[in-house]
Amino acid sequence: QRLKAAVHYTVGCLCQEVGEDKDVQFSKQSIAAISEITFRQCETFARDLEMFARHAKRSTINTEDVKLLARRSSSLLKYITQKSDELASSNMEQKEKKKKKSSAAKGERTGEKEAAVAENEDYNMS
C-alpha cells in the first residue's frame, strides 16, 4: 500500500513537471490512471524478472535479466547495456585497486619479515 502511494506521489510530481514544461494540466483522474498503469506494469516487470532468474536456475536477478526484460525497446536496451558496461568497468578498476593495496601490504609484511630474519642472522653471527 505504501509502495502504491509512493508511485502515485512520484507520478504526480512528474506530471506536474511535464505540465509546467508543456503548459498543460493533468486532472486527478488522469494522474490516478497513470499511477495505476505504472504500478501494474512494475508488478509485471517484477514477475518477469523473477521468472527469468528462476529459468536460469538462479535465485538472484542480474543485469542479463534486466536486459532481457528491456529487449523490446532498443533505446532502453542500449542505455541499460551502456550503464551495465560502465558499472562493470568501474567494479574491475576497484578490484584492481584493492589487489594492488593488498599486494603492497603483503610486500611490506614480507619485507619486514626478511629484515627481521636478516637482523636475526646478523645477531647470530656475532
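Quick notes
- Globularity ratio of the range 25-100, using Cα Rg and 2.2 N^0.38 Å: 1.52
- In order along the range 72-79, the Karplus-derived 3J(HN,Hα) couplings, from 6.51 cos²θ - 1.76 cosθ + 1.60 at θ = phi - 60°, round to 7, 10, 4, 5, 5, 4, 4, 5 Hz, and Gly and Pro are given as x.
- Accessible area of the range 1-56 divided out per residue, in Å², using a probe of 1.4 angstrom: 83
- For the range 59-66, the Karplus equation 6.51 cos²θ - 1.76 cosθ + 1.60, evaluated at θ = phi - 60°, returns couplings of 9, 10, 7, 10, 5, 5, 5, 5 Hz by residue, with Gly and Pro reported as x.
- Here the Karplus curve 6.51 cos²θ - 1.76 cosθ + 1.60, taken at θ = phi - 60°, turns the phi angles of the range 18-33 into couplings of 5, x, 5, 5, 9, 6, 9, 10, 9, 6, 4, 5, 5, 5, 5, 5 Hz, with x standing for Gly and Pro.
- Gain in span if fully extended, R40 to E96, counting 0.36 nm per residue against the direct Cα distance: 16.0 nm
- For the range 1-62, the mean projected area of the C-alpha convex hull, equal to one quarter of the hull surface, is 5.3 nm².
The values are calculated or read from the model by the stated rules, or taken from the named source; none is laboratory data. Predicted model only: the values in this text are computed from it and were never measured. Protein only, heavy atoms only, side chains kept; ligands, DNA and RNA dropped before computing areas. Shrake-Rupley method; radii C 1.70, N 1.55, O 1.52, S 1.80 Å.
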